[in-house]
Every structure is written in structure tokens, then in C-alpha cells.
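Chemist: My questions will all concern the structure given below.
What follows is calculated from the coordinates using simple rules that are stated; it is not laboratory data. Here the structure is a predicted model, which is why all the values come from computation and not from measurement. No Cβ is skipped: glycine too gets one built from the backbone with ideal geometry, and neighbour counts run over all protein chains shown.
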Amino acid sequence: MTAAPHSPAVGPDSPLTPVMRALENTGALDPVVAVGDAVARIAAGNDRVRGVLQGRKLGHAVHPLLVEVPMGTWLSALLLDVLGGPGERGAARMLTGVGVLSAVPSALTGWAEYSGAQRRDRRVAVVHAAANGLATGLQAGSWVARHVGRDGLGRALGLSGMGVAGLGGYLGGHLAIARTVGTRDVVYTRDRAQTGRVTPAR
């Protein structure tokens, strides 16, 4: 079986590319990076714990998998807010709460990946973490508002949280795809270094 070539690099057609390069080179973020370093040591300073949070036994990072849970539940709640009726309010509240709770393990796995990133990428990562933290706070506020019967405020906070989470997701995608930050089995890196291709499964 012939291996499919790795996705080729393309020209800098995106107007966001200069923005991301500027963010990577923003030395003013270094004090925040120092705080991020401390958080990463607390969350994943132990090598065994870090290995679990990074998903080493899976062969690649577990963070992209776990982040689907809060994003998916919050998006589902938003769809119920927009398309559902009054009878869907309880389900939207439950989904919002599940998303807030699941954001905790997702964040821990993210900090485990942070510990292996370069300084350039850590600058982006701390903004990514701040956006996700703000999104989680807004969603937590949304759950509280819904719980006390202020559904209009809950919907507004949920919508705002999804917007901020979208920014965090873009930054996370930049780290994972453009900068290839993330745990992976060394065999895949070796395959690509030797052939420029990923060996297909047999």
C-alpha cells in the first residue's frame, strides 16, 4: 500500500498568520508564561501523572479528545437555547453543567502538554488557557443563572462563553496543527523525518 503524503505546506494566505506570529514573539507575555510554568508544575510535575495526562499509552495526546466534551456539551446547550422551547431549558442547564465539570480534566491534560512546549508556543498557550478559563467561567455563570431561573441571562452568558471558547479553540488548533505541540509516539516522528510520510497501518 502506498503511503499518503503528509499535507503540504501552503503560502501564508491567511490574514491571521501575521497575528499569530506576532503573538508568538510577544515578549511581554513572558511574565504570564512564568505563571503558566508554575501551574504546569503543580498540575503535571510528577512524571507518572504527566504521562497519564499526556496519554502516552495511547500513542498521542489525550487533550484533543477530552476537549471535545466541554465544547460539544456547550454547543448542544446553545442549540437548545436557539432551537428548543421552554421544555428544553432543563436539558440546556444540565449540558452546561456537564461542560463546566468536564473542562477540569481537559485543562489538566492541556497543562501536561504545555510542559513540553517551546517558549514561543507557551506564549500562545497561556492566551489559549486564559481564553478557555474565561469561557469556563462564563459557562459556570450561565449554569448558575439558569439554576436560579434567570434563563435569559444564562443564555447570554452561554453564548458569550461559546464565543470565547471559539477563540481558545483557534489558538489550540494553531498549537496542535501549525506548531505540532502535543505528545506523540516517537515512531511517527521518526517516520516523517525519514520519508516525509506517515507509515500506513497494516
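Chemist: As I understand it, the value is the acute angle between the Cα axis of helix 30-44 and the longest principal axis of the Cα atoms of the chain; what does it come to in degrees, rounded to 10?
Modeler: The angle comes out near 90 degrees.
Chemist: So, one more: How much length is gained if the chain between Leu167 and Arg119 is pulled fully straight, taking 0.36 nm per residue apart and subtracting their Cα-Cα distance, in nm to one decimal?
Modeler: 15.2 nm
Chemist: Provide the FRET efficiency to the nearest 0.05 for the Ala28-Glu88 pair, computing r from the beta carbons and using R0 = 41 Å.
Modeler: It comes to 0.40.
Chemist: What whole-number distance in Å separates the alpha-carbon centres of region 39-94 and region 114-165?
Modeler: Taking the Cα centre of each part, region 39-94 and region 114-165 sit 12 Å apart.
Chemist: Using per-residue counts of other Cβ atoms within 10 Å, averaged over each peptide, order 78-86, 174-182 from highest down.
Modeler: Highest-to-lowest ranking by the protection proxy: 174-182, 78-86.
Chemist: Please give the helix 89-114 orientation as an angle from the longest Cα principal axis of the chain, in degrees from 0 to 90, rounded to the nearest 10.
Modeler: Helix 89-114 sits roughly 30 degrees off the main axis of the chain.
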